[in-house]
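The values are calculated or read from the model by the stated rules, or taken from the named source; none is laboratory data. Values in this document were obtained by computation on a predicted structure and should not be read as measured data. Cβ sites come from the backbone with ideal geometry, for glycine too, and all protein chains shown count toward neighbours. Note: accessible area is taken over every heavy atom of the protein model, side chains too, but ligands, DNA and RNA are not part of it. Shrake-Rupley method; radii C 1.70, N 1.55, O 1.52, S 1.80 Å.
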Amino acid sequence: IGIQLAYEAGRNSQESSWLISHNVTTLLPSASLGGQIEFNNYIGPMPFGILARYRQNTNANYGAQKDLRISAGVYGGNRLKVGIIAQATWADQNSMQRYYGITAQESVVTGLAAFTPTGGHLYNVGGVLWLYDLSKVWKLVGSLEAHYLQASVLNSPLVSTHVNYYTSAGLAYQF
């Protein structure tokens, strides 16, 4: 059981010629605060975990999201460990509106059709996680994930594809 403080990415409209050409507003990054419950065990020799997480944006108008993630170890060498993950994420209407909605006022400015998403199932994730032991306390960690948007936002004029890829890498210190 734990608490979580997370960085919530915004949207830099200057990074896309399509967003620039439609005068789509930049969304500033924000933060969220939440909690999680995690259970880890083994199925035979395979590490297995379930994580349930809830996070509310620190600006209540930006909404909340919840995740359910399952992970399983598929390789456990001396220094390298590899696992797979599956995750489903749900968002309330405020969270959906922030990233995928087009208000009537925004429709006039952008020329895009107004769109008001409902809260619900936002996306599914499938991916690979890895950890490499540099020493007893220092670890390299990373992931490669595919995010599949669900029906609740696929009709948004801001959505051009239903699959996005995400990668991460980091350095961790184990206490």
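Data table
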| quantity | calculated |
| --- | --- |
| Net length gained if the chain between A72 and A146 were fully extended (0.36 nm per residue, minus Cα distance) | 25.0 nm |
| Mean residue ellipticity (222 nm) of the chain, computed from DSSP H runs ≥ 4 via -39,500 (n - 2.57), nearest 500 | -3000 deg cm²/dmol |
| Percent accessible area from carbon and sulfur atoms, the stretch 48-111, protein chains only, probe 1.4 Å | 58 percent |
| J(HN,Hα) series, the stretch 74-91, from Karplus relation 6.51 cos²θ - 1.76 cosθ + 1.60, nearest Hz, glycine and proline x | 10, 8, x, x, 4, 10, 9, 10, 10, x, 10, 9, 9, 9, 10, 10, 10, 9 |
| Heavy-atom surface of the chain, accessible at 1.4 Å and reported per residue (Å²) | 61 Å² |
| 13 Å beta-carbon shell around A86, net charge (K/R +1, D/E -1) | -1 |
| Shape of the stretch 1-119, Cα gyration tensor, a/c cut at 1.5 | prolate |
